[in-house]
Amino acid sequence: MFAEGGIINKHEYVQSVADFKESSMYQELVTNHSHYEALYWQLGYVLAHDGEGEFFHIKSKIKDEEDDEFNEAALKIMAVLTLFARIATQRGQPLHLLGEPAQGLTVADIDMLDSDEDLQQVLRALKFKDKSNVISTLKRCGFIFQVSSTKYVLSKGAVSMIDAIIEHQRNVSGDTQPI
């Protein structure tokens, strides 16, 4: 049910209706929560719900025994989301608008992944082949939706992850300004 390092969003963007609709997989998790909670527990994971009820994810029961593959997937996703946040802030877009279909990310933003040498180096270090590999990974893991042929929108989980990364960095640096 969960892609490697992925999430199950409460809402997913549906191009045919040009809007977010409740995810059937999310509804399945809510309806049969105790079943899936027990299943993931048996597999060595905890089924976790974000604090605002926007997505489910799984985490290892024992932190020290987390799977390296899971950690690598999470690292890759966090790094790419950080790159998207950088791209948005460089052009003056507030980060919360990355989760709004009318704003989101443009094809020009995505194209920067292949045209900017610094971004290419980061993607190579993360073992991504190219921008299409990045987008397909984020789609599979529930972090990005395609709105149209020229626009993408980040899921609530992706925006929450960006906020958490920024909050963590602020705590480390001692900056107490809100996001």
With only helices counted (DSSP H, runs n ≥ 4, each -39500 (n - 2.57)), the per-residue ellipticity at 222 nm for the chain, to the nearest 500, works out to -15000 deg cm²/dmol
Taking a label point 7 Å from the Cα of Ala108 along Cα-to-Cβ, the residues of segment 147-174 whose backbone nitrogen sits under 15 Å from it are 150-152
Under the 7 Å Cα-to-Cβ spin-label approximation, Asp19 and Glu52 lie apart by a distance in nanometres of 2.0 nm
The relative contact order of the chain, taking Cα pairs under 8 Å that sit 6 or more residues apart, comes to a percentage of 25 percent
Between Thr82 and Asn32, Cβ-based FRET efficiency (R0 45 Å, step 0.05) works out to 0.85
Charge dipole of the chain built from unit charges on the beta carbon (Lys, Arg +1; Asp, Glu -1), centred at mean Cα; most positive-end Cα among Ser136, Asn9, His33 is Ser136
Computed about the Cα centre, the charge dipole of the chain from +1 Lys/Arg and -1 Asp/Glu charges at the Cβ has a magnitude in debye, to the nearest 20, of 280 debye
In terms of the alpha carbon gyration tensor, root eigenvalues a ≥ b ≥ c, rounded if a/c is under 1.5 and otherwise prolate when a/b exceeds b/c or oblate, segment 68-173 is rounded
So for segment 1-80, using the alpha carbon gyration tensor with a ≥ b ≥ c as root eigenvalues (a/c under 1.5 gives rounded; past that, a/b versus b/c decides prolate or oblate), I'd call it oblate
Of all GluC sites (Glu not before Pro) in segment 1-97, the ones in DSSP coil with at most 15 other Cβ atoms within 10 Å are Glu4, Glu52, Glu66
To the nearest 20 debye, segment 111-179 has a Cα-centred charge dipole, built from +1 on Lys and Arg Cβ and -1 on Asp and Glu Cβ, of 420 debye
Restricting to lysines and to Cα separations under 21 Å from Lys131, and discarding same-chain partners fewer than 8 apart, the set is Lys76, Lys139, Lys151
What the 5 Å binned alpha carbon P(r) of the chain shows, as percent of pairs per bin from 0, is 1, 8, 16, 19, 20, 17, 11, 6, 2, 0
So for segment 100-146, using the alpha carbon gyration tensor with a ≥ b ≥ c as root eigenvalues (a/c under 1.5 gives rounded; past that, a/b versus b/c decides prolate or oblate), I'd call it oblate
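Throughout, read-outs are computed from the coordinates displayed, never taken from laboratory work. Here the structure is a predicted model, which is why all the values come from computation and not from measurement. Don't worry about glycine lacking a Cβ; one is built from the backbone with ideal geometry, like all the others, and counts go over all protein chains shown.
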